[in-house]
Every structure is written in structure tokens, then in C-alpha cells.
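Just below is one structure, and these are the notes that go with it.
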Amino acid sequence: MLSITPLTAHATQPSSGPTTPATSTATSPENPNTADPLNSPRWDELRRAWLGDAPAEFDSRVQVQAPAMAEDALNVPVRVDASRLRGQRVEEILILADFNPIVRALSYSPGSAEPVLGFRLKLQQSSPVRAAVRTADGRWHVGGTWVATTGGGCTLPSTGSASPEWQRQLNHTEVRAWPRVDGGQRLKLRIVHPMDTGLADGIPAFHLEEISLLGKEAPTGAALAVLRPYEPVAENPVFTLDLPAGVVASGVSGRDNNGNRLTAELRP
Amino acid sequence: MRAPSLPRPVLCRPRLAALLLAALLAPSLPAEADTVVPGAAHAFDYRLQPRRITDGVYVLIGRTEDFDTRNGGNIVNTGFLVGSSGVVVIDSGPSRRYGEQLRAAIAAVTPLPVVLTLNTHAHPDHFLGNQAFPAGTLAALPATRDAIAREGEDLSANLYRLAGDWMRGTEARPPGRSLAPGRLHAGGRELELIALDGHTGADLLVLDRASGTLFAGDLVFHDRAPTTPHADLDHWLAALERIATLDGVRQVVPGHGEVASGTGLQTPLRQTQAWLRWLQQRLDTSAAQGLETNEVLALPLAAEFATIAEAATEYRRSVLRLYPQTEHKALQQHGAR
């Protein structure tokens, strides 16, 4: 079995170098700051719309990694790591892209999992990509990074939407676990789904809506963690999740916005 | 279980594919304003200086950079062979202006007519100068002709975005004539055409028999990191093995970077091989460890590539394009171990 040596439970940010993806830089959490370090004209509006009246601050402990330049606007890899918010229970990680026509990309309730997530995003144009992390005290901690792209990601039809094959494979789910050096597990799952945004002519919104990570007590026990993807998540999504030592997943179940179900078991 | 209610139009696919390809080729941020003063005498002059590398063999070596509004897309090598009765052109450059200036540069060397204009593969810096050459001389492998006909306009639009006004008047012109591998006599020169693939779906190499000059196209890069928007790494590595076995090669003209000969003859080939093997291993190892794409991007480059131009940029592009497939393969191997 392989161990994932580059990973630790509280991964430090790689040193700057020519290949290092752009990373959030926010102010110290001791001095709550409400001025957007990404200097986006849409931030105030987004905060009101998505975070409501709850207190929100930019927090460098919420790290968002994405390539500073992404030529393929249909598949922009995003990694969020909020594990530095030690001692504070993370209730929700909300992914927002300021200049996407559909701002909200995903909501993740990590539950028993680490507050860490990887996925791929469609971007309509260059935009800040944010992770707003809500802790149990009701505060939002916000990190983010700019991604430059040539655009068009949200108003293009999916490849699957043009393929006669896609229906047979719809919601086919693959999942695999890797051991981590800290005794926990890394999980990846991939689901065949067109994730159509509804913004391409004649193709209605059709996307995954909820995916639960099941524990050993499934199906009766509560989900270990819940992903709620929205339209901007890339076609055939791949999610990367981390579990701490002692938390064991047995599989996933979920559905899309048309009620099509998915399920997959995790083999030990 | 219920499938979604509306039919999914198949018409959308070609457009998507083309846009994707264009996006994948886009090497940098959207073009800034052109720095050349409009109307100045030097405006949009690529200053092409054909270099004679041996009897009747000329090359024009581009910069080992990305496309931008300063270089106007002159980041590519082109060349021409002067025979007893005509001229064979190998790749026509990134724009109509480049093609026209290349043709003028040829005319300054010889009064003989261009009898054959080859496009080594369907990447825009290698065929967008085609308009400057007689339509009847344009030739390429069949798959290259198809790709230019299918994607040429989108690839051209992408270069307009990157190189700006240098591109004015440029349109994709697919070659009308198909080439087959083997011997070809043109203009009084004896050529060996070699058809391989890996950098793209069809990569043509031209070996000039008399001089032993191999025009390797973009299967071979020299002191410049290989680009992979349409690459198949396994096929590319196999193609390099094949190139290493070719007889009668005395100098190599890579698609990008300096000409190699003498004791350095094998250097571009070995460099390209080393980069591709390293890249492939990096992708495989990362996927086997379960790394997410950004974790792979954050890994350092191997020290041996420190002096290779555009290494960091091409690493990022290659990981973004190739890692999803490698990652998917690793995901499918669950339970196999």
C-alpha cells in the first residue's frame, strides 16, 4: 500500500516557486478584516446574498488553491483546506466564484471528515474563487484566489449532452481510498454526469444535487459528510476528500436534480 | 429512474470541441495592447533572416517563448530547401504576415519558384502562413489536412487573441494535397517523408537526403519545454525511439529551439525524451498516491529542467490537461491491488 507522503493532516502551504498555484493571502484572523483582499467589486453583494447577516472575515487559515491561469475553463481544479481552523468545528464550506453567472458552485458539510476538499469548476471568465467556511460559532471565514481563464465554461453544453452514450453511464460512480500518513484516509470519487448549467441553448439545468459519504452503519446511520454540488461543478465530477484516523467510510449515495440516484461501495 | 426530459442536441459538440482545443492551446493571458507603433516602417516586421545551414538548406529559428504581442507568434522554426528546379518550404509560420515575409526572404535567396509547402502538423504556428504560398503547393498528411479544416479557424482566432494585430488578414488555409510516407522528389531535392504521431494525431518529419537534415517538427524540442495540447505521451515516446533509429541524419531542425549537429546531434531528442518520461512518471506517481491536481502543480520541477525555456508554464499546462485522465485510470484500479 502506498502512503501519501506529501500530505499531512495540516498541510503547510508549499513554498513559492514557478509551479506553485496561486494561494489566498488574507489578513490575520486576530484582526478580523472585512476588506476584500482580492479587491473584487462584487464581494459586498456576494457576502450579503450568500453569507447573510452572519459575521464574516477574511482568514488566511482558509486556503484556496487553483492555477493562476487555467486555459481549460471547463475544468479548473480547486482545492480548499480549512484544516488550520483548529479547534473550531467546520459546519459548511461554500464555494463561490464572483464572476460566474451562477455564483454558488458547491456546498460541503464535512461532518466527520476533514475540512478539506478538491474538485473541478467551470468558469465563465476570469474570477475570484472563494471558500467561505462557517464554523460552529456561526462565523464565516473566507479565503480565495484569482483564476485567469479564457472563459466560456458555463454557457457551453457538456460533452455528455452531445453523446448518445451518456444515458447508459449516467451516475456511474467510482470511489477509491488511499491511506494517509496520519492514519486517516484520502477518498476520491468520480461520477458520470453532464452537469449542464441550463445556460446553453435548449439544454436544461441538469446536475448532481446531493452526495452523502456513508459510514459503517449505512444505510441507517447518519452520513459522515455531505456534498451539495451546483451547476458550475465540472462535468463528470471528481471529488477529493480526506478522513481523519478512526473514521471509516463504506460508500456513497446521492441523487441529481432529476431524481436519478447514485450509489457506490468503497472496497477496503 | 427517470432520465432528463429534453433531447440533447448533438449539434453542439463540434463547436465545443473546437473551443476546447483553442482554449487548451492558449498559452497566456489575453493579449495586451500592441506595443508596435501603427504605421511605423518597422511595424509587424518579423525580421526574418534565413540562415543557411548547409548547401541549399535554410532555417528560420523562432524565439523559445510563448505567443505574445511582441513576438507576433514568431516562436516557431520554419525552413526551406532550394533544389535545382524549385523550393520546398517546411511550415509556413504563425500568420499571413509571417508567410508573406518568409516568401520574400526566400525570393531574396533564390529566383526559383516554391513548388511544395509542407505543414508538419496542425498547430497554428506551423500552418497559418499558408495564405502566402500558391494553393497548389500546400500539402500535409491526411489527418493534418482534416484537423486544419476542422479546427483551423478556432486556432487562428486564438492566435489573434494572443498575438494581436500581427495576425491581421490571417485565415486558416487547409492544404489541398495529401502526403504519404516514403520518398518524394520535389524541386530537384530528394526527400524522405516520415509519418509519426504523439505530439499531435499526425506528425510529419522531412529528411533531406542530400544534406542529412531532419526537419523533426514538434516531435523534437530543444532547450524549450515540449507543449502537449494534443499529445499522447506513449505515442510520442515511441516516435522518439523511431527517430533515434533513422539513418543518414547529420543535423536536426527541431520544431522549437536551435539546430543540432555534430556531437550535440542527439541533444534535442534526448531532452524531449527526458521531459516526457519525467512528466509521465510524475503524473503516474501522483495519481497512484491519490494526489489532487493542485497538489501535483505544487510539486517542484526536476533540477535538470532548470535551463529549459517555459518549463514551469508547460508543466502547469501539461498537468492541467493530462492529469484528469491519469487520475481516472488510478481511480479505476481500486480493488485491483
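Would you be able to say whether some residue in the range B:269-287 is part of a loop (DSSP other than H, G, I, E, B) and within 20 Å of the chain's Cα centre (by Cα)?
no
Of everything in the range B:135-151, what is without any contact (Cβ under 8 Å) to a residue 60 or more places away in the chain and among the charged types (D, E, K, R)? Give them in sequence order.
Across the range B:135-151, the qualifying residues are B:Arg145, B:Asp146.
Which numbered condition in (1) surrounded by fewer than 18 Cβ atoms within 10 Å (Cβ to Cβ); (2) assigned to a helix (DSSP H, G or I) is the only one that B:Thr144 fails?
Every condition holds for B:Thr144 apart from (1).
What residue, among those in the range B:294-305 that are within 10 Å of chain A (Cβ to nearest Cβ) and over 18 Å from A:Arg180 (Cβ atoms), is surrounded by the fewest Cβ atoms within 10 Å (Cβ to Cβ)?
Among residues in the range B:294-305 that are within 10 Å of chain A (Cβ to nearest Cβ) and over 18 Å from A:Arg180 (Cβ atoms), the one surrounded by the fewest Cβ atoms within 10 Å (Cβ to Cβ) is B:Pro300.
Each row is one residue, and each column tells you yes or no for (1) small (Gly, Ala, Ser); (2) in contact with a strand residue (DSSP E or B) (Cβ under 7 Å, 6 or more places away or on another chain).
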residue	(1), (2)
A:Gln167	no, no
A:Leu170	no, no
A:Gly184	yes, yes
A:Lys188	no, yes
A:Leu213	no, yes
A:Glu217	no, no
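Any idea which residue in the range A:167-177 is farthest from the other protein chains (Cβ to nearest Cβ), counting only those that are polar (S, T, N, Q) and within 20 Å of B:Lys329 (Cα to Cα)?
Among them, the one singled out is A:Gln169.
Is the range B:114-129 home to any residue that is touching a residue at least 40 places away in the same chain (Cβ under 8 Å), surrounded by fewer than 20 Cβ atoms within 10 Å (Cβ to Cβ) and among the aliphatic types (A, V, I, L, M)?
Scanning the range B:114-129 turns up at least one residue that is touching a residue at least 40 places away in the same chain (Cβ under 8 Å), surrounded by fewer than 20 Cβ atoms within 10 Å (Cβ to Cβ) and among the aliphatic types (A, V, I, L, M).
What's the total number of residues in the range A:178-190 that are surrounded by fewer than 20 Cβ atoms within 10 Å (Cβ to Cβ) and at the interface with chain B (Cβ under 10 Å from one of its Cβ atoms)?
Total satisfying the criteria: 1.
Among the numbered conditions (1) farther than 25 Å from B:Ala303 by Cβ; (2) buried (at least 22 other Cβ atoms within 10 Å of the Cβ), tell me where B:Ser178 comes up short.
Evaluating B:Ser178 over (1) farther than 25 Å from B:Ala303 by Cβ; (2) buried (at least 22 other Cβ atoms within 10 Å of the Cβ) leaves (2) as the failure.
If B:Arg242 meets every condition in (1) under 30 Å from A:Arg190 (Cβ atoms); (2) under 19 Å from the mean Cα position of the chain (by Cα) apart from one, which number is that one?
If we test B:Arg242 against (1) under 30 Å from A:Arg190 (Cβ atoms); (2) under 19 Å from the mean Cα position of the chain (by Cα), just (1) comes out false.
Of the residues that make up the range B:287-309, is at least one within 21 Å of B:Trp236 (Cα to Cα), of a type in the set (S, T, N, Q) and in contact with a helix residue (DSSP H, G or I) (Cβ under 7 Å, 6 or more places away or on another chain)?
Scanning the range B:287-309 turns up no residue that is within 21 Å of B:Trp236 (Cα to Cα), of a type in the set (S, T, N, Q) and in contact with a helix residue (DSSP H, G or I) (Cβ under 7 Å, 6 or more places away or on another chain).
Find the residue count for the range B:68-111, including only residues that are out of contact with any Pro (no Cβ under 6 Å at 6 or more places or on another chain), crowded, with 24+ Cβ neighbours inside 10 Å and of a type in the set (Gly, Ala, Ser).
Going through the range B:68-111 one residue at a time, the tally reaches 6.
How about the range A:189-268: which strands (runs of 3 or more DSSP E) wholly inside it have at least 2 residues that are out of contact with any Asp or Glu (no Cβ under 8 Å at 6 or more places or on another chain) and of a type outside the set (Asp, Glu)?
Of the strands (runs of 3 or more DSSP E) lying wholly inside the range A:189-268, those with at least 2 residues that are out of contact with any Asp or Glu (no Cβ under 8 Å at 6 or more places or on another chain) and of a type outside the set (Asp, Glu) span A:208-215, A:249-256, A:261-265.
Tell me, yes or no, whether the range A:206-219 has at least one residue that is within 22 Å of B:Gln289 (Cβ to Cβ) and either facing chain B (nearest Cβ under 9 Å) or under 18 Å from the mean Cα position of the chain (by Cα) (or both).
yes
Kindly list, by first and then second residue, each pair from a residue in the range B:308-324 that is at the interface with another protein chain (Cβ under 8 Å from one of its Cβ atoms) and under 17 Å from B:Asp223 (Cα atoms) to a residue that is of a type in the set (A, V, I, L, M, F, W, C) and outside any helix (DSSP H, G or I), limited to pairs with Cβ atoms under 7 Å and residues at least 6 apart or on different chains.
Pairs that qualify, where the first residue is at the interface with another protein chain (Cβ under 8 Å from one of its Cβ atoms) and under 17 Å from B:Asp223 (Cα atoms) and the partner is of a type in the set (A, V, I, L, M, F, W, C) and outside any helix (DSSP H, G or I), are B:Ala311/B:Ala225; B:Ala311/B:Leu301; B:Ala312/B:Leu301; B:Tyr315/B:Leu301.
With the requirement that a residue be modelled with pLDDT under 95 and among the hydroxyl-bearing types (Ser, Thr, Tyr), what does the range A:229-252 give you?
A:Ser250
Test each condition in (1) over 20 Å from the mean Cα position of the chain (by Cα); (2) more than 30 Å from A:Val181 (Cα to Cα) for B:His256 and report the one that comes out false.
Just one mismatch for B:His256, condition (1).
Within the group B:Pro181, B:Pro174, B:Pro142, B:Pro134, which residue is under 16 Å from the mean Cα position of the chain (by Cα) and at pLDDT 95 or above?
None of the other options fit; the residue is B:Pro174.
Tell me the strands (runs of 3 or more DSSP E) entirely within the range A:110-154 that contain at least 2 residues that are over 13 Å from the mean Cα position of the chain (by Cα).
Passing ranges, in order: A:127-135, A:140-149.
Counting only residues that are farther than 26 Å from B:Pro134 by Cα, give me the strands (runs of 3 or more DSSP E) lying completely in the range B:154-257 with at least 1 of them.
Where strands (runs of 3 or more DSSP E) fall fully within the range B:154-257 and carry at least 1 residues being farther than 26 Å from B:Pro134 by Cα, they are B:189-196, B:213-221, B:251-256.
Among (1) under 16 Å from B:Gly79 (Cβ atoms); (2) of a type outside the set (S, T, N, Q); (3) in contact (Cβ under 8 Å) with a residue 60 or more places away in the chain; (4) surrounded by fewer than 24 Cβ atoms within 10 Å (Cβ to Cβ), which single condition is B:Arg209 missing?
For B:Arg209, the failing item is (3).
The values are calculated or read from the model by the stated rules, or taken from the named source; none is laboratory data. All of these numbers come straight from a predicted model, not from anything done at the bench. Note that we place each Cβ from the backbone using ideal geometry, even for glycine, and neighbour counts take in every protein chain shown.
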